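Below is one structure, written out as structure tokens; comments come after it.
The values are calculated or read from the model by the stated rules, or taken from the named source; none is laboratory data. Because the structure is predicted, anything quoted here is derived from the model rather than measured. Virtual Cβ from ideal backbone geometry, glycine too; neighbours counted across all protein chains shown.
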Amino acid sequence: MHNIKSNFDKVFHTIKSLNIPEFNIDGNIRRPGMSSLFTDIEVISLVIVAEYMSLDSENWLFKKIKNDYKDDFPHIIDRTRFNRLKRQLFPFIEKVRQQLAAEFLEFEDYFIIDSMPLEVCKIAREKRSQVCRESFETAPDKGFCASQNFYFYGYKLQGICSANGIFHSIELTKASIHDTTFLKKMNGQLSDCVLIGDKGYLSSSLQLDLFHSANIKLETPKRTNQKNYKKQEWVFRKTRKRLETLFSQLCDQFMIRRNYAKSFQGFKTRILAKITALTLVQYINKFDFNRPINNLKVNIT
């Protein structure tokens, strides 16, 4: 489980077996004239391996490879270029995630939606922090997390997953953006299904809009002071916990709340890489070892 080379080989061959059209036979998608000694599939594979093994420090990772795996990675590029390429390959990491998820989601009818706060820094440092503030459109801001009852400075990770725990859609939004704003964008991505959410998505107009436009039944609990209050059925309450558990696994094993990025591009690439690593472990659990897909602290080789 702790061998970087064996994990790298497993991830590399799994990604290559997906036959994503954008990758050519050598796994390289860069412009002509750029070095192809360390291909783009290898860059993506090493990114995912680092997240799977909870190796958040690229400096430590490259020192480890140089000291203990020098013969296994003879053509590896330097750390600075690796970091730059990782950010450039963001669209292709997302394609890998979507392709992995597509193997699970073909016949799914029930999905769960929720969000979680991602702090960039503590509230006390928000005015002097320059992290991710290179552009106003993507800069972090202050928001409130109702479930944990605290204010935070950063972003929200909006997610939709299947009842089995496979992420269908993800998006980073500013902390002040209401959860229903993300849900309104889902009309073209989901249809003919039941979508389970918490009280943050309670809106009769939104429920009608989703039902008429995409045949999506939005199932949310009612507030106790509403007319005709009725407690949500236990099966929906239990199913909703699946996404909450996924968020907890992202925080615990994949350390999604630990941030070393300075730019928004670097920040969102780190978040995507962690979720892609989680989905890849689920894929290997199901199709290679036939074991429960959400047992994530396991050996993948």
Practice problem: Tell me, yes or no, whether the range 71-85 has at least one residue that is of a type in the set (S, T, N, Q) and within 29 Å of Leu202 (Cα to Cα). | Solution: no
Self-check item: Residues located in the range 281-296, provided they are in contact (Cβ under 8 Å) with a residue 40 or more places away in the chain, part of a helix (DSSP H, G or I) and farther than 17 Å from Cys251 by Cα
Solution: Tyr283, Ile284, Lys286, Phe287
Quiz item: Is it fair to say Ser213 is small (Gly, Ala, Ser), more than 17 Å from the chain's Cα centre (by Cα), surrounded by fewer than 19 Cβ atoms within 10 Å (Cβ to Cβ) and modelled with pLDDT under 90?
Solution: yes
Practice problem: Sort through Ile112, Ile123 and tell me the only one that's under 18 Å from the mean Cα position of the chain (by Cα) and more than 23 Å from Thr269 (Cα to Cα). | Solution: Ile112
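So in the range 1-54, with the set limited to residues that are outside any helix (DSSP H, G or I) and modelled with pLDDT of 90 or more, which one is nearest to Val96 (Cα to Cα)? Let's see the steps before the verdict.
Step one: filter the range 1-54 for residues outside any helix (DSSP H, G or I), giving 1-3, 18-39, 53-54.
Cutting the leftovers down to modelled with pLDDT of 90 or more gives us 3, 18, 53-54.
Details: Asn3: 23, Leu18: 8, Met53: 19, Ser54: 20 Å.
Checking each candidate, the answer is Leu18.
Have a look at Leu218, Leu195 and point out the one that is over 26 Å from Phe136 (Cβ atoms), in contact with a Leu (Cβ under 6 Å, 6 or more places away or on another chain) and touching a residue at least 60 places away in the same chain (Cβ under 8 Å). Even if it seems obvious, please write down each step before you answer.
Working: Leu218 fails: touching a residue at least 60 places away in the same chain (Cβ under 8 Å).
Of Leu218, Leu195, the one residue that is over 26 Å from Phe136 (Cβ atoms), in contact with a Leu (Cβ under 6 Å, 6 or more places away or on another chain) and touching a residue at least 60 places away in the same chain (Cβ under 8 Å) is Leu195.
Might you check whether a residue that is under 27 Å from Val43 (Cα atoms), without any contact (Cβ under 8 Å) to a residue 60 or more places away in the chain and surrounded by fewer than 21 Cβ atoms within 10 Å (Cβ to Cβ) occurs anywhere in the range 171-185? It would help to see each step written out before you state the result.
Of all residues in the range 171-185, those under 27 Å from Val43 (Cα atoms) come to 171-173.
Restricting the remaining residues to those that are without any contact (Cβ under 8 Å) to a residue 60 or more places away in the chain gives 171, 173.
Applying the additional criterion that residues be surrounded by fewer than 21 Cβ atoms within 10 Å (Cβ to Cβ) yields 171, 173.
Yes; the residues of the range 171-185 include at least one that is under 27 Å from Val43 (Cα atoms), without any contact (Cβ under 8 Å) to a residue 60 or more places away in the chain and surrounded by fewer than 21 Cβ atoms within 10 Å (Cβ to Cβ).
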Quiz item: Does the range 255-267 hold any residues that are crowded, with 20+ Cβ neighbours inside 10 Å and either in contact with a Leu (Cβ under 6 Å, 6 or more places away or on another chain) or aliphatic (A, V, I, L, M) (or both), and which are they?
Solution: Ile256
Quiz item: With (1) surrounded by fewer than 21 Cβ atoms within 10 Å (Cβ to Cβ); (2) under 22 Å from Leu210 (Cα atoms); (3) free of Cβ contacts under 8 Å to residues at least 60 places away in the same chain; (4) in contact with a strand residue (DSSP E or B) (Cβ under 8 Å, 6 or more places away or on another chain) as the list, and Gln158 as the residue in question, which single condition is left unmet?
Solution: (1)
Exercise. Could you tell me which residue of the range 86-141 is surrounded by the fewest Cβ atoms within 10 Å (Cβ to Cβ), considering only residues that are aromatic (Phe, Trp, Tyr) and within 26 Å of Thr245 (Cα to Cα)?
Key: Phe107
Quiz item: Applying the selection to the range 269-301, what residues are farther than 18 Å from Leu18 by Cα, of a type in the set (D, E, K, R) and surrounded by fewer than 19 Cβ atoms within 10 Å (Cβ to Cβ)?
Solution: Arg291, Lys297
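Any idea which residue in the range 234-280 is modelled with the highest pLDDT, counting only those that are of a type in the set (S, T, N, Q), under 28 Å from Phe136 (Cα atoms) and not in a helix (DSSP H, G or I)?
Filtering the range 234-280 down to residues of a type in the set (S, T, N, Q) leaves 239, 245, 248-249, 253, 259, 263, 265, 269, 276, 279.
Narrowing further to those that are under 28 Å from Phe136 (Cα atoms): 259, 263, 265, 269, 276.
Within this subset, residues satisfying the condition of being not in a helix (DSSP H, G or I) are 259, 263.
Working: Asn259: 84, Ser263: 94.
Among them, the one singled out is Ser263.
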Practice problem: May I ask you to verify whether Leu208 is in contact with a helix residue (DSSP H, G or I) (Cβ under 8 Å, 6 or more places away or on another chain) and either on the phi > 0 side of the Ramachandran plot or not small (Gly, Ala, Ser) (or both)? | Solution: no
Quiz item: When Arg79 is evaluated against the numbered criteria (1) surrounded by 15 or more Cβ atoms within 10 Å (Cβ to Cβ); (2) among the charged types (D, E, K, R); (3) within 19 Å of the chain's Cα centre (by Cα), which criterion, by number, is the only one it fails?
Solution: (3)
